[in-house]
Amino acid sequence: MPPLDSEQLNVLLRRLARGDAAALDEIFFRYGKRMVALARGIVRSQADAEDVVSESFVKLVKSVGKFEEGNGYGYLMRIVRNTALDFLRRNKRTAAENIDDFFSLADERYSPEKREDALFLERAIKSLPPLEKRMIYYRYYLDLTVREIAREQNMSKSSVERAINRAEEMLKKALQAGQTEEE
């Protein structure tokens, strides 16, 4: 999975808004696996997740003209998430997001060293307590703001900020401990 580059995604979204179909292929190549992982974590089925991603691309094409500069990755992932939740509602199913499914960070195209680092980070995230893991998911995977997370989780902004800080500190300690063990 190529590394995330939000400016590059913003460029692709601008190209797509101008009607450049090749930009859609590039978005799929760069972000398709993450989109499917997000959808699968919500709808709990690979086949349904692929349908959700297909529908998400249709919605993206229709709405990309409304995209304002900024967080293209968050914009893209929110389309997928909302499409997955709509899918569940249409099929009278309830959402059961398994956050662990979203933290698949390593990719076979990575160098062995980068893949090892990604797997280590993945394990560190999965070891977090549920609330802190959820905060990392919302803040860094869905790229939501503190305000959006607070609204989503029915928490105060200060509680969300504290939980994010706690999660970041826990990850920092886990990563430092892992580096010490390797030395």
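Taken together, the values in this text are just the output of simple stated rules run on the coordinates, not laboratory data. Bear in mind the structure is a predicted one, so any value in this text is a computation, not a measurement. Reconstructed Cβ throughout: ideal geometry from the backbone, glycine too, with neighbour counts over all protein chains shown.
A few points about this structure:
- Put in line by how crowded their Cβ is, counting other Cβ atoms within 10 Å and starting with the fewest, 83, 145 read 145, 83.
- Among 58, 36, 160, the ranking by other beta carbons within 10 Å of each residue's beta carbon, starting with the fewest, stands as 58, 36, 160.
- Per-residue Cβ neighbour counts within 10 Å put 131, 142 in the sequence 131, 142, beginning with the fewest.
- Other residues lying with their Cβ under 14 Å from the Cβ of residue 167 contribute a combined charge of +4, Lys and Arg counting +1, Asp and Glu -1.
- Where the alpha-carbon atoms of the range 6-90 are placed on the principal axes, they occupy 33, 22, 20 Å, in descending order.
- Loop-located GluC sites (Glu not before Pro) in the range 7-71 (DSSP state other than H, G, I, E, B) with a sparse environment of at most 11 neighbouring Cβ atoms within 10 Å: 68, 69.
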